[in-house]
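The values are calculated or read from the model by the stated rules, or taken from the named source; none is laboratory data. Quantities reported herein were computed from a predicted structural model and do not represent experimental measurements. Backbone-built Cβ (ideal geometry, glycine too); neighbour counts: all protein chains shown.
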Amino acid sequence: MTVGELERALAAQPHAPLHLMLPGGAFVPAHFHVTEVGRVQKDFVDCGGTVRSSVSCVLQVWVANDTTHRLTAGKLAGILKLGAPLLKSDALPVEVEYETVAVSQYPLAGVELTPGGLLVHLGAKHTDCLAPDRCGVGATACC
């Protein structure tokens, strides 16, 4: 999901509370805060020697002890608006950075309106070989 897609979903229901669902079905506690909006660029070389780059919008989520705090869609839209000059594009994919046992990043998989508010589905990230033809781990390679 891109920044622009998220902004449109938030604008359609500005008073709706937000709920973040992790890939396994558990929820980030409802009193979460969005403490950062960032544009993160990763420049790297893959195992085959190809130079690559990826850019994303990362929303850092933090849970404090103020259990009455609730973030609405409109408030998150305002936070994204503050970050727009840094993001430079609404076409960036959005990820949520959240700490449970370790700090992890989850791509936004989708947003749906439910009777309880806007449900934000967080997806899973996976590692992969980006040059399987050069590393010998093609489709016929064994585990």
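If you go through segment 112-141 one residue at a time, how many are assigned to a loop (DSSP other than H, G, I, E, B), in contact (Cβ under 8 Å) with a residue 40 or more places away in the chain and more than 30 Å from Lys75 (Cβ to Cβ)?
At the first step, the residues of segment 112-141 found to be assigned to a loop (DSSP other than H, G, I, E, B) are 115-116, 123-131, 136-141.
Filter once more, keeping what is in contact (Cβ under 8 Å) with a residue 40 or more places away in the chain: 116, 123-124, 129-131.
Pick out the ones that are also more than 30 Å from Lys75 (Cβ to Cβ) and you get 129-131.
Final tally of qualifying residues: 3.
Could you go through segment 62-70 and let me know if any residue there is closer than 20 Å to Thr2 by Cα, of a type outside the set (Asp, Glu) and without any contact (Cβ under 8 Å) to a residue 40 or more places away in the chain. If you could, list the steps in order and put the result at the bottom.
Just the residues of segment 62-70 that are closer than 20 Å to Thr2 by Cα, to begin with: none.
Within segment 62-70 (the criterion being closer than 20 Å to Thr2 by Cα, of a type outside the set (Asp, Glu) and without any contact (Cβ under 8 Å) to a residue 40 or more places away in the chain), the answer is no, since none of the residues qualifies.
Within segment 36-48, if we keep just the residues that are surrounded by 13 or more Cβ atoms within 10 Å (Cβ to Cβ) and modelled with pLDDT of 95 or more, the residue that is nearest to Arg134 (Cα to Cα) turns out to be Val40. Among residues of segment 56-93 being part of a loop (DSSP other than H, G, I, E, B), more than 17 Å from Arg39 (Cβ to Cβ) and among the charged types (D, E, K, R), the one that is farthest from the chain's Cα centre (by Cα) is Asp66.
Could you identify the single residue in Ala109, Ala77, Ala73 that is small (Gly, Ala, Ser), touching a residue at least 60 places away in the same chain (Cβ under 8 Å), surrounded by 15 or more Cβ atoms within 10 Å (Cβ to Cβ) and in contact with a strand residue (DSSP E or B) (Cβ under 7 Å, 6 or more places away or on another chain)? Quick ask: steps written out before the conclusion?
Details: Ala109 fails: surrounded by 15 or more Cβ atoms within 10 Å (Cβ to Cβ); Ala77 fails: in contact with a strand residue (DSSP E or B) (Cβ under 7 Å, 6 or more places away or on another chain).
That would be Ala73, the only listed residue that is small (Gly, Ala, Ser), touching a residue at least 60 places away in the same chain (Cβ under 8 Å), surrounded by 15 or more Cβ atoms within 10 Å (Cβ to Cβ) and in contact with a strand residue (DSSP E or B) (Cβ under 7 Å, 6 or more places away or on another chain).
Listed by first and then second residue, the pairs linking a residue in segment 3-14 that is assigned to a helix (DSSP H, G or I) to a residue that is surrounded by 14 or more Cβ atoms within 10 Å (Cβ to Cβ) and among the β-branched types (Val, Ile, Thr), with Cβ atoms under 6 Å apart and 6 or more places separating them unless they lie on different chains, are Val3/Val94; Leu6/Val94; Ala9/Val111.
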